[in-house]
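Okay, so here's the structure we're looking at.
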C-alpha cells in the first residue's frame, strides 16, 4: 500500500513538531494552518505556511520534507531544491528531497554527476532509479550500457513492460528504428497499451517507410475512435509524409518519460497528490510534454484544485493538436469550481473551432442541461448525434441526455422516442430504464410496462437509491402499498438524506395507515430540502400541506384519485 506523500509528510510534521508546540508557540499558528491546507490539498497555502513555520524552526526535518513536497506539487523544483540539498548534506533520507535533486541534475543534463550518486542512499525507488540510470548512461555516451540495463530490469518480475517500453523508445531515439520496431512487434501488447506507445510505434514505422503499416497499427490501437491529433497523424501518413520521431529527442526526454510512465502506473494505486509529484517532475524535465501537462491538470481536478487545473490546461498552446482536449478539461474545471457560465463560454468557442467533433457538442449539451437551458441543450445534442452517427460508442447516452432535456421541456412524445432509442442501442441500461419507467409512472401511463422496466433496472443496480425508490413509487402508484413499503424503506437506507425519497416513504406509510411515521418522514424530507434548488423535484410547500391536513385531503385538493383504505396493519 502506497501512502500519499503529503499525507505522510503532514503526519511526520505532527509527530515531530506537536510535542514542542507548547515550547515554540511561534510556529504553532503557521504549522496548524499548513496542516489544514495540506489536508485540503491547497498546495499554495500549504507551501506558504510550511515555509513560514520552517523559518521559525530552521532545521526541522519534517517541516523541510513538507516544504519540498508542496513545492514539488506546484511544479516548483527550483524552490524545493535548496532545502532538498540541505537535507542531503545532513545525510537524511527523503524521497522527495532526492527527487528534487535528481530532477535538477537531469534537467541540466549532468549525467555523470547523477551516475556518481549512491542510488541506494540517494535514490527515489528501485524501478525509477534503474530506468533513470539506464537513460543517464545513454546521456553520458554509454548507449550499450544503458540498453543492457533495460534488459536487466526487464528480467525482474512485473517490470518487463516498463523496461522494454523504455528500451524501444531509447532505440528509436538513437535512430535504430529497425531494432525499435522489432521490439514493438515482439512485445506488441505491453508496448502499445498506452496512447504514447501506439503513436510512437506509428512514427517508427513511418521512419522505416511503412506508412500503411503505421496506419494499420493506429487503427488496431484506437479503432474508429479519433481526435485531431490522431487524425492529423493518419492524414500525414496517408499523404506519404515521413513522420519525425518526436516522443524521445534526447536522454533528458527519456528521463521525463520515466516519471510520466510511472505517474500513469501510480494512478491505479497511489493518491492523486503523490502521483502529481511524478507528473510535475516529468514536465520540469520536458516542458513541451503536453501529455504530462494534461495528466497534471486532471490530477489537480481530482484533488479539487480547480484554479490550478484551469491554469494548467491554459498552458496548452492553441495550435497544439491536444488543444481541444485541454479546453474540454478547462471547461470541466470551471464547471466544478462553480463557474458554469464561464465553462459554457469556453465550450461555445470550442464548438466554433472544432465543430466537427461530437464530444465538443455533447459536452456543451451536458453543461447547458445542468443549467436548465434545455432548448439549447437539445440543439447541441442534435449536432453531437448527427456527427457521431448511429451505433457508435456513446450514442445511446446522447439519446438519453436529449430525452431528459425534451422531457423537461414537456415534449414527451419526442422524449419517449429518444429514451426508447437509447434502450435499443444499449438494451437493459439501468439509468435509461429507470428514467423512462419513472416518467411513465409520473404520467400515470403504461404502468405495467413501467413496473417491468424498473424491476429490470433494480436487478441491474440493486444498490442505487434512485432506482429502488422508483420501484417503490411505481408500486405505490399501482395501489400495491404493502409491497411498496419494503422498497421505499430500502431506498431511504441507501439515500438517507434525500428529500424526495424520504417524502415518498412518508406517502407510502400514510397509504398503509402508519400516519405518525408518515408525518415523521415528511418532517425529515422537509429538513433536507435545499432552499437554493427552487426548481427541484422536492416540493416543500406540498410537504407542509401534508403535515397540516394529511395526504388524503391534499390529494382531494389536487383533484387526484384517493388512496385505497388501509388500516394500521396495511
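Computed values, structure above
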read-out	value
Ascending count of other beta-carbon atoms within 10 Å, so fewest first, for 28, 89	89, 28
Residue 444/residue 32 FRET efficiency (R0 56 Å; Cβ-Cβ; nearest 0.05)	0.45
The stretch 248-340 shape via C-alpha gyration tensor axes, a/c threshold 1.5	oblate
Length released on extending from residue 483 to residue 208, taking residue separation times 0.36 nm less the Cα-Cα span	92.0 nm
Extension gain (nm, one decimal) between residue 461 and residue 249, 0.36 nm per residue minus Cα-Cα	71.4 nm
MRE, 222 nm, helices only [DSSP H, n ≥ 4, -39500 (n - 2.57), over the chain, to nearest 500]	-22500 deg cm²/dmol
Exposure proxy ranking, count of Cβ atoms within 10 Å, fewest first, for 546, 446	446, 546
Contact order relative to length of the stretch 230-288, as percent, for alpha carbon pairs under 8 angstrom and 6 or more apart	34 percent
Computed over the stretch 402-560: relative contact order in percent, which uses C-alpha pairs under 8 Å that are six or more apart	12 percent
Inter-site label distance for residue 116 and residue 86 at 7 Å from Cα along Cβ, in nm	2.5 nm
Theoretical FRET efficiency, 1/(1+(r/R0)^6), r = Cβ-Cβ of residue 55 and residue 318, R0 45 Å, to 0.05	0.65
Highest to lowest packing among 289-302, 52-65, scored as the average C-beta count within 10 Å	289-302, 52-65
Computed E for residue 265/residue 44 - FRET, C-beta separation, R0 22 angstrom, nearest 0.05	0.20
Residue 157 paired with residue 409, simple spin-label distance in nm, labels 7 Å along Cα-to-beta-carbon	6.0 nm
Packing-based ranking, highest mean first, of 403-409, 438-444 given that Cβ atoms within 10 Å are counted	403-409, 438-444
Rel. contact order, % - alpha carbon contacts under 8 angstrom, at least six apart, the chain	7 percent
Inter-label distance for residue 539 and residue 560, nm, one decimal - labels placed 7 Å from Cα along Cα-to-Cβ	0.7 nm
Dmax and Rg, reported as Rg then Dmax, of the chain (C-alpha, Å)	29.6, 90
Sequence ranges 469-480, 454-465, ranked by mean other-Cβ count within 10 angstrom, highest first	469-480, 454-465
With Cα atoms, 0 to 90° folded angle of helix 515-528 axis to the chain main axis	40 degrees
For 259, 306, 419, 520, order by how many other beta-carbon atoms lie within 10 Å, fewest first	520, 306, 419, 259
Linear extension gain, residue 144 paired with residue 452, 0.36 nm per residue minus alpha-carbon span	104.1 nm
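Read-outs: derived from the displayed coordinates by stated rules, not from any lab. As the structure is a prediction and not an experimental result, all values here were calculated from the model. We place every Cβ from the backbone using ideal geometry, glycine too, and count neighbours over all the protein chains shown.
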